[in-house]
Amino acid sequence: MTVAGQLYLVAPAISDAALAAAVRGGVDLVQLRLKDASDEEILATAARFRAVLDPLGVPLIINDRPDLARAAGAAGVHVGQDDQAVSDARAIVGADAIVGLSTHTPEQVDAAADLPLDYFAVGPVYATPTKPGRPAVGTELVRYAAARAQLPFFAIGGIDPTNLAVVRDAGAERIAVVRAITQAPDPERAARALAHVMRRDVEPA
């Protein structure tokens, strides 16, 4: 499936109002990431998210669990290097679903070209508490992916209005964020500011 858009929100179980506000601000793709939740909690939250996102035409991705992505009727799944193999995830969610993968090294970026993926993520660009113990890869890996990638990729990890232009200018045409939107007092305004920088409408303050 073609992955469109530039702004990808990776979110815990935020409220319906915050989710809708983020989409109004320019979020094109949403990943539900509940690392320690039960299957029942994930499925219930996915159903709630879909009720908001489906009418707006925004795909929902489930983190780590292709089985739950399929059960939830989500648009796809995102897996990490230590999760289920991409080929297995693809077999579970089907040929028409979205499958994404996290990458952290040049070798993993190169290997993505030979996997049944629709996109991959590069990061964490900057250190982030959402990935404890994972060292930042910096913008060098973003530049590498921009020069070599055969698939769409999203830069992720510690990206916010203070560093977004640097990441964009390193070659990232798409970004994924967590705290920059989920912890913002106004998710719509936060998303719009990020989207504007990615479109080069404005520079960050």
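The values are calculated or read from the model by the stated rules, or taken from the named source; none is laboratory data. Treat the numbers as computed from the prediction; the structure is a model and nothing was measured. In this analysis, Cβ positions are derived from the backbone assuming ideal geometry, glycine residues included, and neighbour counts consider all displayed protein chains. Just so you know, the surface numbers come from the protein's heavy atoms only, side chains and all, with ligands and any DNA or RNA stripped out. Shrake-Rupley method; radii C 1.70, N 1.55, O 1.52, S 1.80 Å.
Okay, here's what the table says:
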{"quantity": "Solvent-accessible surface ranking, highest first, for GLU140, GLU188 at 1.4 angstrom", "calculated": "GLU140, GLU188"}
{"quantity": "For HIS78, distant residues with modelled amide H under 5 Å away", "calculated": "ILE62, ASN63, ASP64, ARG65, GLY100"}
{"quantity": "Average accessible surface area per residue within region 79-205, 1.4 Å rolling probe, Å²", "calculated": "48"}
{"quantity": "Span-like helix ranges in the chain, DSSP H, alpha carbon extent 18 angstrom or more, Kyte mean at least -1.0", "calculated": "39-53"}
{"quantity": "VAL10, VAL178, reordered so the largest accessible area comes first (probe 1.4 Å)", "calculated": "VAL178, VAL10"}
{"quantity": "Inter-centroid distance (Cα atoms) of region 71-105 relative to region 13-60, Å", "calculated": "17"}
{"quantity": "Computed E for ALA44/THR162 - FRET, C-beta separation, R0 30 angstrom, nearest 0.05", "calculated": "0.25"}
{"quantity": "Choice from ILE156, ILE61, ILE92 showing the highest fluctuation, given a GNM over the chain with Cα pairs closer than 10 Å", "calculated": "ILE92"}
{"quantity": "Highest-MSF residue in the chain out of ALA20, ALA176, ALA89 [GNM, Cα springs under 10 Å]", "calculated": "ALA20"}
{"quantity": "Whole-number D in µm²/s for the chain (Stokes-Einstein; Kirkwood sum over Cα pairs; 25 °C, 0.890 mPa s)", "calculated": "146"}
{"quantity": "Positive-pole candidate from VAL30, GLY171, ALA89, dipole of the chain, charges at beta carbon", "calculated": "GLY171"}
